[in-house]
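Remarks on the structure that follows.
The values are calculated or read from the model by the stated rules, or taken from the named source; none is laboratory data. Computed from a predicted model, the values in this text were never measured in an experiment. Glycine gets a Cβ as well: all are built from the backbone with ideal geometry, and neighbour counts include every protein chain shown. Keep in mind that these areas ignore ligands, DNA and RNA; they rest on the heavy atoms of the full protein, side chains included. Shrake-Rupley method; radii C 1.70, N 1.55, O 1.52, S 1.80 Å.
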Amino acid sequence: MTDHTKGSFFGRRVGKPLRKGRQEQFDAALQRLQPDLSVPAPEDVTTLFARPVSAVWLEVGFGGGEHLLHEARRLPDVGFIGVEPFVSSLAKAVAEVDSEGLENVRVYGDDAIKLLDWLPPACLDGVYQLYPDPWPKRRHWKRRFINPVNLDRYARVLKPGALLRFASDIDTYVDWTLRHLRDHPAFEWTAERADDWRRPWAPWSGTRYERKAVREGRVGRYLEFRRL
């Protein structure tokens with residue numbers, strides 16, 4: 001049986017309730033945009049999208065959706081699946097996807113590992129994990145999403161040569177991620193010089209959390225790994 005206990009988002013997070021009208025719109029749009037994990041995943045995940053796409057990327061924990069939506073608008077021929085368990089953030093992104101008619105976006109509003117275990121092998125061209133919860137206290141490090149079990153999950157769904165991109169402003173989490181990825185036999189670090197991890201990938205829209213980190217004097221680091 002697959003282990004869902006390590007690196008979990010611990011299910012959907014509910015904040016302030018949505019207004020009735022907005023809740024109804026959200027429910028209707030989410031039903032259309034969210035993959036149905038009660039049925040087997042398609043062998044070809046490009047069929048999840050309402051328009052033909054040439055590649056599929058996953059963003060785990062998209063927060064306010066700034067990066068997810070920027071990439072979807074910039075690359076209309078690429079499919080993006082965004083995971084965000086926090087309902088208010090999910091609802092904001094769903095509303096924008098729905099109002100703009102973005103046919104290359106799908107969202108999932110629950111635990112990312114459920115989606116990862118549902119997807120077929122070697123189906124993704126890349127994964128973004130941007131500014132995840134760092135769980136800064138040492139006793140909580142076991143809750144960090146980057147761990148050997150979840151790296152096995154990523155390795156299973158990524159195509160050979162696909163990219164895993166990770167960003168954080170927390171030095172201990174950057175070090176943690178670099179160590180875990182360099183120890184994993186399925187990944188190699190692509191950096192060849194210091195600027196490769198000091199500067200974000202271009203073009204870069206940034207995220208709301210990143211802007212907050214900069215205002216508070218923290219510096220983002222950008223790690224990229226290739227699936228062997």
Go through segment 20-49 and report how many residues are open to solvent by less than 50 Å² (accessible area, probe 1.4 Å) and in a helix (DSSP H, G or I). 8
Those strands (runs of 3 or more DSSP E) lying entirely in segment 120-228 with at least 1 residues acidic (Asp, Glu), touching a Leu at 6+ places or on another chain (Cβ under 7 Å) and modelled with pLDDT of 95 or more: 187-189, 221-227
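Taking segment 124-139 on its own, how many of its residues are of a type in the set (S, T, N, Q) and open to solvent by 10 Å² or more (accessible area, probe 1.4 Å)? Give the derivation first.
Going residue by residue through segment 124-139, those that are of a type in the set (S, T, N, Q) are 129.
Still in the running and open to solvent by 10 Å² or more (accessible area, probe 1.4 Å): none.
Going through segment 124-139 one residue at a time, the tally reaches 0.
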Only residues that are within 18 Å of Glu59 (Cβ to Cβ) and either open to solvent by 70 Å² or more (accessible area, probe 1.4 Å) or not β-branched (Val, Ile, Thr) (or both): list them for segment 188-212, please. Pro200, Trp201, Ala202, Pro203, Trp204, Ser205, Gly206, Arg208, Tyr209, Glu210, Arg211
What are the residues in segment 50-67 that are part of a helix (DSSP H, G or I) and open to solvent by 30 Å² or more (accessible area, probe 1.4 Å), if any? Glu66
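Among the residues in segment 112-123, are any without any contact (Cβ under 8 Å) to a residue 60 or more places away in the chain, open to solvent by less than 60 Å² (accessible area, probe 1.4 Å) and closer than 29 Å to Arg144 by Cα?
yes
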